[in-house]
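Working notes for the structure below.
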Amino acid sequence: MELQGTPVLVTGGAQGLGEATAVHLASLGARVTVLDIQLERAQAVAERIGGLALHCDVTDPDSAQAAIAAARARHGVARLLVNCAGGGAARRVVGKDGPMPMADFIKVVNLNLFGAFNMTRLAAAEMMAAEPADAVNGERGLVLFTASVAAFEGQVGQAAYTASKGALAALTIQLAREFAPQGVRAMAVAPGIFHTPLLETLPLAAQQALADSIPFPRRLGRPEEFAQLVGDIARNSYLNGEVIRIDGAVRLAPR
């Protein structure tokens, strides 16, 4: 996929991995729409990269559809959707205060899994209805999930996060097969321990301990490295149906 002039949607683009991805794709010439519930932060990112910022609640079908339509009106049909919106909450399935409330589990799965699926179904439908962007391969677009190494090595207290990220990993090959006749690819990136706003809430000693657990490079991942991989995936049309780890060879311990 040629990114120069290509319309792109990045959810969760106001900060962290999403922000870095929006900035990097814009540097490659893409016409980026930054989608986030934090509109002011999204606008600040969009202003820096010459993109468009829109409020979008990925879990709300009407909000998602309205945002995609507004982005299309400005930039044209999106050929790349990068699902970065997500979050987690540490809680044991059965803790000292009893079973995990279902509301806590549902909240995380709703954002990470249902939100990504909601955006994917809507964006993919528009890609499929458009003319191929690549006359040689017949490619119409790419949808990309942000999974996690937790999809493969779930830690204690992360049931909801692990379940949602594992589902995205499993969904990747299924969508690649289903979307193949229409020339739409599906890929996922599974980051390890990255320096993001969520990680910054931990004490510095805890951050350093996490960094020391990574074989090489012995440091936290940088959002820019995640973003670079997203750009590489977009430009290599033979990548399809795969989950790519980017983790410095770390394997998460049980806790």
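Coordinate-derived values only; no laboratory data. This structure is a prediction, so every number in the text was calculated from the model and none was measured. For neighbour counting, all protein chains shown are included, and Cβ atoms are generated from backbone atoms with ideal geometry for every residue, glycine included.
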Give me the number: length gained by fully extending residue 246 to residue 218, i.e. 0.36 nm times residue separation minus the C-alpha to C-alpha distance, one decimal in nm. 8.7 nm
Based only on other Cβ atoms within 10 Å, what is the fewest-to-most ordering of 106, 193, 37? 106, 37, 193
At a Förster distance of 41 Å, what's the computed FRET efficiency of residue 228 paired with residue 103, Cβ-Cβ distance as r, to 0.05? 0.65
Would you order 165, 107, 96 from fewest to most other beta-carbon atoms within 10 Å of each residue's own beta-carbon? 96, 107, 165
Where nothing but the Cβ of Lys and Arg (+1) and of Asp and Glu (-1) is charged, how large is the charge dipole of segment 7-246 around its Cα centre, in debye to the nearest 20? 240 debye
Per the C-alpha gyration tensor (a ≥ b ≥ c, the square roots of its eigenvalues), segment 6-68 is rounded if a/c is under 1.5, else prolate if a/b beats b/c, else oblate; here it's prolate
Which value in nm describes the separation of the simple spin-label points at residue 253 and residue 27, placed 7 Å from the Cα toward the beta carbon? 3.4 nm
Contour minus Cα-Cα span, residue 66 to residue 110, at 0.36 nm per residue, comes to 13.9 nm
If each DSSP helix of 4+ residues adds -39,500 (n - 2.57) and the sum is divided by the residues in the chain, what number results at 222 nm, nearest 500 deg cm²/dmol? -13000 deg cm²/dmol
So, over other residues within a Cβ distance under 12 Å of residue 18, counting Lys, Arg +1 and Asp, Glu -1, the net charge is -1
So if I take the centroid of the Cα atoms in segment 47-70 and the same for segment 238-255, what is the distance between those two points in Å? 29 Å
Förster-model FRET efficiency, 25 Å R0, residue 4 and residue 74, C-beta, rounded to 0.05: 0.90
On the formula 1/(1 + (r/R0)^6), with r taken between the Cβ atoms of residue 174 and residue 205 and R0 of 45 Å, the FRET efficiency rounded to 0.05 is 0.60
Label residue 125 and residue 47 with points 7 Å out from Cα along Cα→Cβ: what is the distance between them in nm? 3.5 nm
Note on segment 1-122: the mean projected area of its alpha-carbon convex hull, in nm², is 7.9 nm²
Between rounded, prolate and oblate, where does segment 104-158 land on the alpha carbon gyration tensor, with a ≥ b ≥ c its root eigenvalues, rounded for a/c under 1.5, else prolate if a/b exceeds b/c? oblate
Order the peptides 181-190, 216-225 from the highest to the lowest mean number of other Cβ atoms within 10 Å of their residues. 181-190, 216-225
Could you tell me what % of all Cα pairs in the chain have separations over 35 Å? 12 percent
Residue among 27, 192, 228 farthest towards the positive dipole end of the chain, charges placed on Cβ: 192
For a footprinting-style exposure proxy, rank 162, 21 by other Cβ within 10 Å, fewest first. 162, 21
